[in-house]
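Presented below is the structure to which this report refers.
The values are calculated or read from the model by the stated rules, or taken from the named source; none is laboratory data. Because the structure is predicted, anything quoted here is derived from the model rather than measured. A quick note on method: Cβ atoms are made from the backbone with ideal geometry, for glycine too, and the neighbour counts reach across all protein chains shown. Note: areas computed on protein heavy atoms with side chains; ligands, DNA, RNA excluded. Shrake-Rupley method; radii C 1.70, N 1.55, O 1.52, S 1.80 Å.
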Amino acid sequence: MQFSISLSFFLSLPLSVPPPSFLLFQVTKARVLLEKSAKMGHKSALGTLGYLELNENNNVTGAVHYFNQSHKLGDTDATHNLAVIQSFYQSFDSDPLYAHKMFRLAAERGHKDSAMVSAEQCLFGLDNVQPNCNDALRYLKLLSSNNHLVTRKLREGSRAFEDKEMTLAAMRYMVLAEAGVEVAQYNLAWLCQEYPAEIQYAIPDCVTRYSTLSAHQGYGPSQVYLGNLLARQGRWYDAARWYSRAVNSSIPEGLHGLGVMALNGYPGNTITINTTTYFFGSQPNTTLARDLWLQCFNMGSEDSLLGCGLSLLALTLAKSCPYYILSVISLYLLSVVSLAAVFTLVSG
């Protein structure tokens, strides 16, 4: 029973969350034992085999086979994982209506991630699914009732940070981070980066560890952060993949990062974003940079309008203005942005 609980935890979405470390040491041996357990009808073993098929063998069809069996045995995580594959895996013949049905089924069984997705889909609707505010509210209530402890701990961490008690804030976030809450993982990584001297206890590899965990769980800001971290290390191939994941999580900064790579000729090989494939070679490509920044700008958020808007403006001016004029304009724009930020802080 203890074994099934620990495995079920790591099969929560997203699917890229790694299984327990003891499984990764001897995957072949573990697989033999898991297959024996699966034949005995152990739903968590079936779910773990699905995870291994997807992440170790890149076999989506095989993963669906195992997740289906586990789902039929009542495994809520498997139900949720089937919905995710149907929704987001481009290599699979997706079915949005079936995915919606599975998200709702997992939500009814208490899965918090499925409850959030179901609430959003019911609120905004899908193709052939009309918006339903009552259903959306019901799923939000389910989510709230299942996560009162998480909400309280996040609030406690936020209060500790506001009171400048960085060690206490880090401890509050760490409890949730180790339990797999991606927002807490991101907050803890940020605290370790910005206030390392004010946290009394040493947290080994804090920034990289927790930002990576959060990014693997599909948290967009962490995916951008990890992309930036890898870019600073010159690991362009890996950086490009995290930027693209952030774009697929609707984070405009991912497109901005990819645009910077294209403009400077940082090689990231082939990247697919929303079914469109781009090639990042070792030569600067201003056309690709402009296309990516324009997509970013058109997302319409404050970050995309400001960040990508300024990048597009600088790119346009660079083609038509001498360098010294461009420098003066850039300094002027920077001063305007800085004054706007100060005004926002003061008025807020």
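When the accessible area of the range 26-114 is split by element with a 1.4 Å probe, what percent falls to carbon and sulfur?
51
Across the range 163-278, what fraction of all alpha-carbon pairs, as a whole percent, falls in each successive 5 Å bin from zero upward?
Final binned percentages: 2, 13, 22, 20, 16, 12, 9, 5, 2, 0.
Using a Cα-Cα cut-off of under 18 Å, which lysines could be cross-linked to LYS43, ignoring same-chain neighbours fewer than 8 residues away?
Hits, sequence-local ones excluded: LYS72.
Quick check on packing: order 45-54, 30-39, 276-285 by the mean number of other C-beta atoms within 10 Å, highest mean leading.
Order by mean packing, descending: 45-54, 30-39, 276-285.
Return the loop-located trypsin sites (Lys or Arg not before Pro) in the range 109-218 (DSSP other than H, G, I, E, B) with at most 11 other Cβ atoms within 10 Å of their own Cβ; answer none if there are none.
LYS164
When the accessible area of the range 125-264 is split by element with a 1.4 Å probe, what percent falls to carbon and sulfur?
52
Hey, can you grab everything whose amide H is under 5 Å from the amide H of TYR278? Only 5+ residues off in sequence or another chain; H modelled, so Pro and N-termini drop out.
ILE271, THR272, ILE273
Hey, got the Cα dimensions of the range 108-244 along the principal axes, in Å, largest first?
If we take the Cα atoms of the range 108-244, the spans are 51, 38, 23 Å.
Take the alpha carbon gyration tensor of the range 71-125, find the square roots of its eigenvalues, order them as a ≥ b ≥ c, and report rounded if a/c is under 1.5; if not, report prolate when a/b exceeds b/c, else oblate.
Oblate is the answer for the range 71-125, as a/c is 1.5 or above yet b/c matches or exceeds a/b.
What accessible area per residue, rounded to a whole number of Å², is obtained for the range 174-220 using a probe radius of 1.4 Å?
Solvent-accessible surface per residue comes out at 48 Å².
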